[in-house]
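A.B. asks: Take a look at the following structure, please.
Values in this text are rule-based calculations from the coordinates and carry no lab data. These numbers were taken from a predicted model, which means no experiment stands behind them. Here the Cβ positions follow ideal geometry from the backbone for every residue, glycine too, while neighbour counts run over all protein chains shown.
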Amino acid sequence: MEKILIIEEEKIPQNSVLINCLPDVGLVGAIASSYLVEKLDMKYAGYLDSALFPPIIVLHKERPLSPVRIYVKDNLTVVLSEIALPLEALRYLAKRIAEWAEEKAVKTVVTFGGIPVPNRIDIEKPKVYGVGATEEDRDFLRKNNVKLLKEGFMAGYYALLLKERMKKRNSCIALLAESHLQYPDPGAAASVLETFSKIFNINIDLKPLIEQEEEYRIKLKELMKRTIETFRHAQKSYEYTPPLTYV
Amino acid sequence: MSYEFFEIIRRLKREVDEFIEYMERRFAEEIMGDHWAECIEPLAEVRELPDRYIITIDLPCVRDKNNINIKLTENTVIVEAQMYRKVSTSDLLSNIKKTEFSAYRKVIRLPQEIDPKRASATFKRGILILELPKKSYGHEIRVE
């Protein structure tokens, strides 16, 4: 039996750009992906399920839904999670998403995340860095003036997903903004979305996200708390460690 | 002899009272989570350095440093802050009975004593930063 089930309730477009985000550092990906779904008025298209997911459903407008869902619009597919997932689920999820992306002939998988920086409080507008799985991805990022992360570790789900896509030399791009580690960071999410909208030519109105920053921080307090608990298991502290080649 | 006996009884009574109060508080926290005493508990991070603690507390909707009250003892930090608007439990996406909050309260107990007189605080972009020097930072010795 499959560890992760993908239940498609609507047609998923072929050759789309697939955005896949989970709660992580500063909840950057979670905020950015859910904002994107709302602002682009994307259509609910299915959900993911697994015995490894926590026994949780979420209610939206009276309707019970899986917390890990699929949304589509034109050539864009979003897979997002509203809850922090346990480490044992992440390995299978990354593998399944990579397989599913191949089935759907996805052009590229994009993830949004944060790079924790200790001086975030002094940064007005967080910088965005890119990581590309293939040389073509890195060229694409360079051409679009996205600074590439040169050295360091990535840990957690995005690292797993990049690894899965790299195995088959498939395209995968991580856009990472300077962010708070333990506080929801809508400012970093806005930076990531600004970069995404520029390089993929998708118009997104970011004004409400910046204006309602405080509301997001209050609303996402509990999710942040639960996500922090998963950091230790996901070896997030590695992201502060210089790699061996520095020595 | 009788004085000592009653002193022991008084001490025992005080300890039992403190324990009951502690258990009541724990029970209320279990049931109410952060929604206790019309305050919500903000997110906070405590970093321990060799000579001091650095505590940051996320206080969205607090606009002014004058709305923040910090009380320090040698091993406790209590931060209370007033928001500029009320926040409802529905904002927090909670299913519990609708209640409104307009303040934060956070109590942090520190494992090592600090010197409250040398402490400092700054407030920037809705985040409070406390620098709390430790009371004793060991004794330096020379390497012979």
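A.B. asks: Connecting C-alpha atoms closer than 10 Å in a GNM of chain A, tell me which of A:V58, A:V117, A:V72 has the biggest fluctuation.
C.D. replies: Judging by the Gaussian network model, the answer is A:V58.
A.B. asks: Given the options A:Y44, A:Y35, A:Y71, state which has the largest fluctuation in a GNM of chain A using a 10 Å cut-off (strictly under) for Cα springs.
C.D. replies: Among A:Y44, A:Y35, A:Y71, the largest GNM mean-square fluctuation belongs to A:Y44.
A.B. asks: Exceeding 25 Å between C-alpha atoms, which entries from my cross-link table qualify? They are A:K61/A:K127; A:K61/A:K95; A:K127/A:K198; A:K107/A:K198; A:K43/A:K127.
C.D. replies: Over 25 Å apart, Cα to Cα: A:K61/A:K127; A:K61/A:K95; A:K43/A:K127.
A.B. asks: A follow-up question, please. Label B:I70 and B:E38 with points 7 Å out from Cα along Cα→Cβ: what is the distance between them in nm?
C.D. replies: Inter-label distance under the simple model: 2.6 nm.
A.B. asks: Additional query: In nm, what is the difference between 0.36 nm times the number of residues separating A:E135 and A:R169 and their Cα-Cα distance? It would help to have the intermediate numbers written out before the result.
C.D. replies: On the way: separation 34, 0.36 × 34 = 12.24 nm, distance 0.94 nm.
That works out to 11.3 nm of additional length.
A.B. asks: Something else: Take every DSSP beta bridge with both residues inside the range B:39-133 and express the antiparallel ones as a percent of the total, to the nearest 5.
C.D. replies: 95 percent
A.B. asks: Quick one: work out the % antiparallel among DSSP beta bridges in chain A, nearest 5.
C.D. replies: Antiparallel bridges: around 55 percent, rounded to the nearest 5.
A.B. asks: To continue, here is another question. Please list, by residue number, every one of the GluC sites (Glu not before Pro) in the range A:1-47 that is coil in DSSP and has at most 12 other beta-carbon atoms within 10 Å.
C.D. replies: Hits after loop and neighbour filter: A:E2, A:E9, A:E10.
A.B. asks: Hey, what did the range A:1-82 get for relative contact order, percent, Cα under 8 Å, at least 6 apart?
C.D. replies: Value for the range A:1-82: 41 percent.
A.B. asks: Something else now. Relative contact order for the range B:39-133: what is it in percent, counting Cα pairs under 8 Å that are at least 6 residues apart?
C.D. replies: After rounding, I find 34 percent.
A.B. asks: Beyond 32 Å between alpha-carbons counts as too far, so tell me which of B:K13/B:K86; A:K147/A:K221; A:K39/B:K86; A:K125/B:K65; A:K207/B:K71; A:K3/A:K150 fall in that bin.
C.D. replies: Beyond 32 Å between Cα atoms: B:K13/B:K86; A:K207/B:K71; A:K3/A:K150.
A.B. asks: Here is a further query. Between A:L141, A:L149, A:L36, which gets the highest mean-square fluctuation from a Gaussian network model of chain A, Cα cutoff 10 Å?
C.D. replies: Result for chain A, Cα springs under 10 Å: A:L149 fluctuates most.
A.B. asks: Let me confirm one metric for peptide B:61-67, namely the mean number of other chain beta-carbon atoms within 10 Å of its residues' beta-carbons.
C.D. replies: That works out to 1 on average.
A.B. asks: With a ≥ b ≥ c taken as the square roots of the eigenvalues of the C-alpha gyration tensor of the range A:2-78, please select rounded if a/c is under 1.5 and otherwise prolate if a/b is larger than b/c or oblate if it is not? Intermediate values should be presented prior to the final figure.
C.D. replies: Numbers: a/c = 1.37, a/b = 1.15, b/c = 1.19.
Taking the square roots of the gyration eigenvalues as a ≥ b ≥ c, the range A:2-78 is rounded.
A.B. asks: Using only the C-alpha atoms of the range A:52-196, find the volume of their convex hull and express it per residue in Å³.
C.D. replies: Per-residue hull volume (Cα only) is 145 Å³.
A.B. asks: Rounded to the nearest 500 deg cm²/dmol, what is the calculated helix-only ellipticity per residue at 222 nm for the protein assembly as shown, with -39500 (n - 2.57) per DSSP H run of length n ≥ 4?
C.D. replies: -9500 deg cm²/dmol
A.B. asks: Same structure again: Sorted from largest to smallest, which semi-axis lengths in Å does the alpha carbon gyration tensor of the range B:39-133 give for its equivalent ellipsoid, taking the root of 5 times each eigenvalue?
C.D. replies: 27, 14, 11
A.B. asks: Over chain A, what is the mean sequence separation of C-alpha contacts under 8 Å (at least six apart), divided by residue count, expressed as relative contact order in percent?
C.D. replies: Contact order relative to length: 25 percent.
A.B. asks: Within a 10 angstrom radius of each residue's Cβ in A:214-224, how many Cβ atoms of other chains show up on average? Whole number is fine.
C.D. replies: Numbers: counts 10, 5, 1, 8, 12, 6, 4, 8, 6, 1, 2.
Neighbouring Cβ atoms belonging to other protein chains average 6 per residue here.
A.B. asks: Still on this structure, I have one more. Give me the inter-chain shielding for B:73-86: mean count of other chain Cβ atoms within 10 Å, whole number please.
C.D. replies: 0
A.B. asks: Let me ask something additional. Tell me the label-point distance for the pair A:E99, B:L49, using the 7 Å Cα-to-Cβ offset, in nm and rounded to one decimal.
C.D. replies: Label-label distance for A:E99 and B:L49, simple model: 5.0 nm.
A.B. asks: Rounded if a/c is under 1.5, else prolate if a/b is larger than b/c, else oblate: which is chain A, with a ≥ b ≥ c the root eigenvalues of its Cα gyration tensor? Can you show the working numbers first?
C.D. replies: Values: a/c = 1.22, a/b = 1.13, b/c = 1.08.
The shape class here is rounded.
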